[in-house]
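Beneath this line is the structure, given in structure tokens, with notes to follow.
The values are calculated or read from the model by the stated rules, or taken from the named source; none is laboratory data. Values in this document were obtained by computation on a predicted structure and should not be read as measured data. Every residue, glycine among them, receives a Cβ derived from its backbone with ideal geometry; neighbour counts consider all protein chains shown. Note: areas computed on protein heavy atoms with side chains; ligands, DNA, RNA excluded. Shrake-Rupley method; radii C 1.70, N 1.55, O 1.52, S 1.80 Å.
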Amino acid sequence: MTGMTDRQGPAFSRRTLIGAGIGAAVLTAAGAPVAQADGTSASAAPGTATPAAPGTGTPTAPGTGAPAPTAPGARPTSAPSRAQAFLVAVMDAYPDHGSTRLAQSYADQAGLFSTAFTYDNALGILGLLATRTADGQDRAVVLGDGLLYAQAHDPVHDDGRLRQGYNVGPYTFYDGSRQPDGFVRADGSVNVGTQFGFTGTAVGDMAWSGIALGALARRTGERRFLDGAVRIGEWIERNGRTDEPLGGYKFGVDGANQKLPFTSTEHNTDLVCLFGRLARLTGDGVWLERRARARAFVERMWEADGGFFYTGTNDGVTVNKSPIPEDTQTWTHLALDSRAHAPSLDWAARELAVLDHAERRNSTVPAGQSYEGVTFSSASLLANEDVPIAESQPKPDRNGVWFEGTAHLALALRERRGAGDEARARRLIDSLERAQERLGGGQTVGGRALPERSGVVSASSPLDTGFGFGYYPYRHLGATAWYLMAASRSNPLRA
């Protein structure tokens, strides 16, 4: 996500584009042992002690693959426990603004103030459930209830939609105007992120929210979460379904409620999971037909000769062949579990591999440190390092590591369980844990210091995605949640 504090507001991102009524299908989001539908793992026999979580040196809770819970009042020491502490901090950043809430997505230094992106909060739910702790589940329920509140108290619409982002705490905007409210305004409506234009509704964001609510329904047995997920699925069916030649479900609507013409591989991948999960939870076969429709679109984006998935289509007729993003390679494996398409992981690991260190041009990594992983897309590797990513933004580092995508890949490799996959995943998880340990120090949320060494930054150095926005080294809810899922082998996209 773009954003700097030394300018009149962050540059456009894949999220601001929808609110402003522009965008492209190529814009992508923007959430091994048998995985459960709620994003947890059944990796060990019940009651069996398990070794340290990968790269952490810390014992895991019996039968979960998740870190053993930290004793009340104790300072978290393991990497997963510190990641969970970050999620707690971004949830609790505005204690004077009520218990109904969502979590701030980025550290304050990103320049997005108290913005809570819907996608990030869905990931927060799944990451908290992946910890397999009582506090994690309780907090996941709070975020789930926040999404349900947003569904029921939109200031304009009453059709089950969620917006791209919300304000969850007060701030003064770049133009000097005051935004005084928390997530819930005085009149009971939710505080939509109008200041940045986060007013549209993307199918991908909706799908991830439905996935998260479905996970809560399965874990807790509470009907309200399933009802919310079904409302999301029905909104997508009404507003996204298309009979264009390539089929699938389209991108969503902008802030003026105008339908966007693009169709995204990533979004339809999300729907494979959501619709499959709704079929299992409701027993209604209509969701299987919808799932098949989304899957058919995804499979049409497969490039067999190269072993990768294209990003989508701008017109429903012609495949958009460039750039090629990372998440369409990894999420497809997590959702489809298709041996025929498994080479997409090798493509991502090979073609998008990066190694960032202080000697790289425009790197912000401190001397003596290095991080490996993957970048956002094929275009990121070709970024013009002489030109800022956007107005008033820094210049990109072609070797900047996108840590969210690195976690996607680590989890997908662990799911595939091919020769060498676990070793590759462990290296990536180690890179994520070192990033949490060393990058993003001194950052705050809601003006409060974040817990030390907690939260994964979105990128090791400024990187250009090739889709009109960048990622920067700010601690990030989404990246941290994906790390938790990768570390605990919790596949959020398995229906």
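Brief remarks on what is shown
- Alpha-carbon centroid distance for the pair the stretch 121-158 / the stretch 265-330, whole angstrom: 25
- The Cα atoms of the stretch 173-214 give a gyration tensor whose axes a ≥ b ≥ c have a/c of 1.5 or more with a/b no greater than b/c, which makes the shape oblate.
- Heavy-atom accessible area ranking, 1.4 Å probe, most first, across 227, 96: 96, 227
- Over every Cα atom in the stretch 181-246, the radius of gyration and the widest Cα-Cα span, Dmax, amount to 14.8, 47 Å.
- Cut-off 14 Å between beta-carbons: net charge of the residues surrounding residue 101, Lys and Arg +1, Asp and Glu -1: -4
- Tail fraction, Cα-Cα pairs, the stretch 367-495, threshold 17 Å, whole percent: 59
- Net charge contributed by nearby residues that have their C-beta within less than 9 Å of residue 239 (K/R +1, D/E -1): +3
- Summing +1 for each Lys or Arg and -1 for each Asp or Glu among the other residues whose beta-carbon sits under 13 angstrom from that of residue 358 gives 0.
- Calculated diffusion of the stretch 199-312, Stokes-Einstein form, Kirkwood radius summed over Cα pairs, 37 °C and 0.692 mPa s, µm²/s: 231
- Prolate/oblate/rounded call for the stretch 435-495, Cα gyration tensor, a/c under 1.5 rounded: oblate
- For residue 395, a cut-off of 16 angstrom between C-alpha atoms picks up these aspartates and glutamates, skipping any fewer than 8 places away in its own chain: 6, 356, 359, 385, 386, 464.
- Size of the stretch 124-274: Rg and Dmax of its alpha carbons, in Å, are 16.1, 48.
- Rg/Rg_globular for the stretch 217-261, with Rg_globular taken as 2.2 N^0.38 Å and Rg from C-alpha atoms: 1.48
- Accessible area of the stretch 174-329 belonging to carbon and sulfur atoms, whole % at 1.4 Å probe: 46
- Excluding ligands, DNA and RNA, the accessible surface per residue across the stretch 351-495 is 32 Å² with a 1.4 Å probe.
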